[in-house]
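The values are calculated or read from the model by the stated rules, or taken from the named source; none is laboratory data. Keep in mind it's a predicted model, so treat the numbers as computed, not measured. Virtual Cβ from ideal backbone geometry, glycine too; neighbours counted across all protein chains shown.
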Amino acid sequence: MFTAPTLASLPYHRRNRNFFGFSLSAACAVFAFSASSTCGAAESPDRLVSFLQGEVQRNFSELRKQDSLPPYFIAYRVHDSDAVSFSANKGGVIRDRRQSSRTMSVEARVGNSVFDNTHPLRENLDFTQWTGYQNVPWPLEDNPEYWRKSLRVATDYAYRAARDEYAKIYANVGVRPPVGDTGLDFAPAAPVHFSLSESESTTHLPTREALDSLYARILRASTLFSNDPHLYASQIDFNYGTVRKRFVSTEGSSIEDKETLASISIYVETKADDGMILWLFKDFHFRAPPVDFSEDTLTAAVRLLMARLDTLRSAPVMETYAGPVILENIAAGVFVHEVFGHRVEGHRQKAVDEGQTFISKVGQTLTDSSVSIVDDPTEAVFGKTALNGYYRFDDEGVPSRRTLLMENGIFRGFLFGRSVISPQGVSNGHGRANLGLPVVARMGNTMLSSKRGIPFATLRDSLLALLREQGKPFGLILHDISGGFTYTTRDLPQSFRVEPLYVTRVFADGRPDDVVRGVDAVGTPLASLAQIVATGDDPAVFNGHCGAESGWVPVSAVSPSLLLRSMEFESRAKDQNLPPLLAPPRRSP
């Protein structure tokens, strides 16, 4: 599920009550915890960072005078966002927008690093417990008097909320069965000091003149949608944004950083004669405005999507199935994200309502011995493709770090923010969140690699061999995928679903492949990982945004194609309304 398919979001890891859906060189990978550290150029902090440093210490000192439950940590985050967006359909402009905003967020903690107001509250599954956060919109212009007043009020609010929540958690622990050691709620981290260079700190949105040529190319490409009367929805979107981030804390950290993302996304949708809604998308990701993006590349992508969608309209609906399958590289990346990635987020190992699928599996073999998995947010690009999941520092002021999760099929460990599962644990730089939401462990760039990758044609031959071995009449190839979701809590099955967009059926008797529709891939994590028997030599990137209790964060998944001995598919829910009664309009001459 996605907020909008046109954004090409990664599978979204939804969490309501108990349900989940899914740039530059690395900076200072490892810190000792005995002294502060400095990364990057030795620039002076900008005016706002210096102001925040003074205010966080001043407000902290005042609140430390409280007789009961004074704060032990306060952090301020300020984001300056600048964005442009443009959308077109059938040669018409749907959206043309420029916008800027500035938002400040306060985090307050009471208690101590072992047990504080973020400690898991048992039998509370909606995550409303984490209330030691407060967001405040700020004016775009510098206004120290306004800043000071709003910081005072927001800090007081966040502290009071944290103190109230701590009392609830403390009482909750006293009337619940003991659960043993749950690690540290806020592991130590060395203070970090980082400032942008002068060129990086200057944020300029592209001028309208610079974008006009790109917009004209998008408009011309969108006229191709008029060629298909069966298209019920279509759009080309361009989005570009930069976020200048400041972070200061009472530990002494001061970070000024910047995140830049750009994308062009194509979306098409139709409805089959039986009422099934069918859609496809294609996106391109960049680290700078793609003002020179090729019109030929854009129009070729539009034509391919329209041709595939036309094939899907008349494709047969497939019945439920279990058997051999190839997940093509992009689809395989989503599979890894949903089946594996969310279950190795460290904070989930501390909550008793979580499934904790891998908590006792460290050191055990879980999949084919050729497979290794890392999460590496220090990588800005893979080949020539920009990675959405790149960042220099996480949202707790810790440098990002390459983290080994699976080595030669053996499970090695978890992703951690500063909430860890042992008294000796430390963050590996994966604490992430939107402003105003609790920071938890999240994926960045999740990358599966293999030391025995084979060409796709050989992988297909291996699929046919499995069909003959199992006596199956056909197998499946998942070429493209929209995303998916996964359940991780104990009150529901520990299952996942990934939602393929374009699937072909490969016949054991040599008949030509055909396209099918109407099924979703489902399964459980341990069983599904064990089904991997071969990998391709064709790694590719799936970029998008993943949602969980800490909000939506940009992520990437990288994987070669995967051959699974068996995977189960179930029938997809279908819209019960038939196509429109009115005939499609005729094309103009």
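Looking at the stretch 71-118, which of its residues are of a type in the set (Ser, Thr, Tyr), within 30 Å of SER61 (Cβ to Cβ) and part of a strand (DSSP E or B)?
Correct list: TYR72, TYR76, THR103, SER105.
I want to confirm something. Restricting to the stretch 496-533 and keeping residues that are closer than 18 Å to PHE474 by Cα and small (Gly, Ala, Ser), which single residue is surrounded by the fewest Cβ atoms within 10 Å (Cβ to Cβ)?
GLY510
For the stretch 424-434, does any single residue satisfy the condition of being surrounded by fewer than 23 Cβ atoms within 10 Å (Cβ to Cβ), within 30 Å of GLY453 (Cα to Cα) and of a type in the set (Val, Ile, Thr)?
Within the stretch 424-434, none of the residues are surrounded by fewer than 23 Cβ atoms within 10 Å (Cβ to Cβ), within 30 Å of GLY453 (Cα to Cα) and of a type in the set (Val, Ile, Thr).
Under the condition of being not in a strand (DSSP E or B) and not small (Gly, Ala, Ser), which residue from the stretch 261-281 is surrounded by the most Cβ atoms within 10 Å (Cβ to Cβ)?
Filtering the stretch 261-281 for residues that are not in a strand (DSSP E or B) and not small (Gly, Ala, Ser), the one surrounded by the most Cβ atoms within 10 Å (Cβ to Cβ) comes out as MET276.
Mind checking which strands (runs of 3 or more DSSP E) fall wholly inside the stretch 520-589 and carry at least 1 residues that are modelled with pLDDT of 90 or more and closer than 26 Å to PHE393 by Cβ?
Where strands (runs of 3 or more DSSP E) fall fully within the stretch 520-589 and carry at least 1 residues being modelled with pLDDT of 90 or more and closer than 26 Å to PHE393 by Cβ, they are 540-548, 551-559.
How many residues does the stretch 285-327 contain that are part of a loop (DSSP other than H, G, I, E, B) and either farther than 25 Å from VAL503 by Cβ or touching a helix residue (DSSP H, G or I) at 6+ places or on another chain (Cβ under 8 Å) (or both)?
8
Which residues, taken from the stretch 301-347, are in contact with an Asp or Glu (Cβ under 9 Å, 6 or more places away or on another chain), small (Gly, Ala, Ser) and crowded, with 24+ Cβ neighbours inside 10 Å?
ALA331, GLY341
From the list ILE421, ILE410, which residue is in contact with a helix residue (DSSP H, G or I) (Cβ under 8 Å, 6 or more places away or on another chain), surrounded by fewer than 24 Cβ atoms within 10 Å (Cβ to Cβ) and either of a type outside the set (D, E, K, R) or not assigned by TED's automatic domain parsing to the domain that holds ARG565 (or both)?
Among ILE421, ILE410, only ILE421 is in contact with a helix residue (DSSP H, G or I) (Cβ under 8 Å, 6 or more places away or on another chain), surrounded by fewer than 24 Cβ atoms within 10 Å (Cβ to Cβ) and either of a type outside the set (D, E, K, R) or not assigned by TED's automatic domain parsing to the domain that holds ARG565 (or both).
Can we say THR297 is polar (S, T, N, Q), surrounded by fewer than 17 Cβ atoms within 10 Å (Cβ to Cβ) and modelled with pLDDT of 95 or more?
So THR297 passes the test.
Considering PHE335, PHE358, PHE393, PHE340, which residue is within 30 Å of SER234 (Cβ to Cβ) and aromatic (Phe, Trp, Tyr)?
On inspection, the qualifying residue turns out to be PHE335.
Among the residues of the stretch 328-349, what is the count of those that are of a type in the set (Phe, Trp, Tyr) and in a helix (DSSP H, G or I)?
Total meeting the criteria: 1.
Identify the single condition in (1) surrounded by fewer than 24 Cβ atoms within 10 Å (Cβ to Cβ); (2) of a type in the set (A, V, I, L, M, F, W, C); (3) out of contact with any helix residue (DSSP H, G or I) (no Cβ under 7 Å at 6 or more places or on another chain); (4) outside any helix (DSSP H, G or I) that MET447 does not satisfy, given that it satisfies every other one.
(1)
Determine which member of the set LEU387, LEU404, LEU415 is surrounded by 24 or more Cβ atoms within 10 Å (Cβ to Cβ) and within 21 Å of ASP537 (Cα to Cα).
Unique residue meeting the criteria: LEU387.
Answer with yes or no whether GLY436 is assigned by TED's automatic domain parsing to the domain that holds PRO377, at positive phi and part of a loop (DSSP other than H, G, I, E, B).
So GLY436 passes the test.
Of the residues PRO178, PRO139, which single one is in contact with a strand residue (DSSP E or B) (Cβ under 8 Å, 6 or more places away or on another chain), at pLDDT below 95 and surrounded by fewer than 16 Cβ atoms within 10 Å (Cβ to Cβ)?
Of PRO178, PRO139, the one residue that is in contact with a strand residue (DSSP E or B) (Cβ under 8 Å, 6 or more places away or on another chain), at pLDDT below 95 and surrounded by fewer than 16 Cβ atoms within 10 Å (Cβ to Cβ) is PRO139.
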